[in-house]
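Worksheet for the structure shown next.
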Amino acid sequence: QATAPARRKRGGEPELYDFRRPMTLAREHGRVLEMAFETFARQWGTLLTARARVVAAITLDSVELRSYDEFVRALPGTTLMILCQVEQNRSTAVLQIPVETGMVWIDYLLGGPGRALADEERELTDIEWSLLGDLVQHALHDLAYAFSAVTPLELHAKSVQYSPQFVQAAAASEPVVVATFEIELGGRTSQTRLMIPAEVLLAPLRAGEAADSRSGDELREHRAALAALAEQVQEVPVDVRVRFSPLTITS
């Protein structure tokens with residue numbers, strides 16, 4: 001998988017791999033998704049800077065293919081799980097944001113200095129969810145723009161949950177694409193993840209590989225070239241010699 005220069009280098013720690021259930025992205029698919037998510041990260045950073053009035057920098061850390069169960073098990077026990085409906089097939093995507101990060105964003109939106117929340121176990125109030133949900137929905141519009149060259153992708157933020165182990169957004173073994181972002185805002189660095197069902201993103205990429213975009217004239221020229229090649233191969237002279245095995249006999 002290609003690594004962008006701006007992306008943080010991974011450590012040398014080995015990763016477990018189950019050969020009975022391979023979860024890897026094809027190199028060409030991974031690069032296409034990386035480019036789209038990098039575009040989304042830049043757009044999201046610009047949006048967050050404008051709304052929070054503080055310079056924000058968002059960079060893509062990684063794009064991985066995982067099962068939904070692996071995605072959930074990697075999350076903290078309490079976090080913001082923003083459930084988003086994927087309009088294409090009515091499946092569910094998840095934007096995960098640390099509670100402290102979400103509260104800092106809300107404080108900025110209310111004109112505050114970006115203070116962190118002391119009690120991270122508290123759930124959002126209706127007003128806080130309205131502010132954060134509106135910010136997330138604007139970011140999801142940028143996601144649709146970033147993926148416009150890959151596939152139509154319309155996500156709508158519907159609700160927020162706080163305990164990943166109780167959120168069943170997909171079957172445990174279902175493949176999902178997980179994009180991890182690093183966010184720098186107001187001197188704080190945090191990490192957020194966006195989970196989208198793999199079929200939503202990979203099916204159009206596979207269909208694009210199978211589609212033939214050549215014109216009618218190009219197809220006719222290709223068929224004529226194949227026919228000429230087959231004819232020439234059939235007419236190529238080949239020297240053939242036959243030798244019998246030696247046999248010794250008496251007079």
Hey, does the range 165-178 have a residue that's surrounded by 13 or more Cβ atoms within 10 Å (Cβ to Cβ) and in contact with an Asp or Glu (Cβ under 6 Å, 6 or more places away or on another chain)?
yes
For the range 63-178, please list each of the strands (runs of 3 or more DSSP E) lying entirely inside it that holds at least 1 residues being at pLDDT 90 or above and more than 20 Å from the chain's Cα centre (by Cα).
155-161
State whether the residues of the range 135-143 include one that is out of contact with any strand residue (DSSP E or B) (no Cβ under 7 Å at 6 or more places or on another chain), open to solvent by 40 Å² or more (accessible area, probe 1.4 Å) and over 17 Å from GLY45 (Cβ atoms).
no
So in the range 42-62, with the set limited to residues that are among the small types (Gly, Ala, Ser) and either within 13 Å of the chain's Cα centre (by Cα) or not in a helix (DSSP H, G or I) (or both), which one is nearest to LEU25 (Cα to Cα)?
SER62
Restricting attention to the range 17-27, does a residue exist that is β-branched (Val, Ile, Thr) and at pLDDT 90 or above?
no
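The values are calculated or read from the model by the stated rules, or taken from the named source; none is laboratory data. Only a predicted model underlies this, so the values are computations on that prediction, with no experimental measurement involved. Backbone-built Cβ (ideal geometry, glycine too); neighbour counts: all protein chains shown. Just the protein is used for accessible areas: all its heavy atoms, side chains included, with ligands, DNA and RNA removed. Shrake-Rupley method; radii C 1.70, N 1.55, O 1.52, S 1.80 Å.
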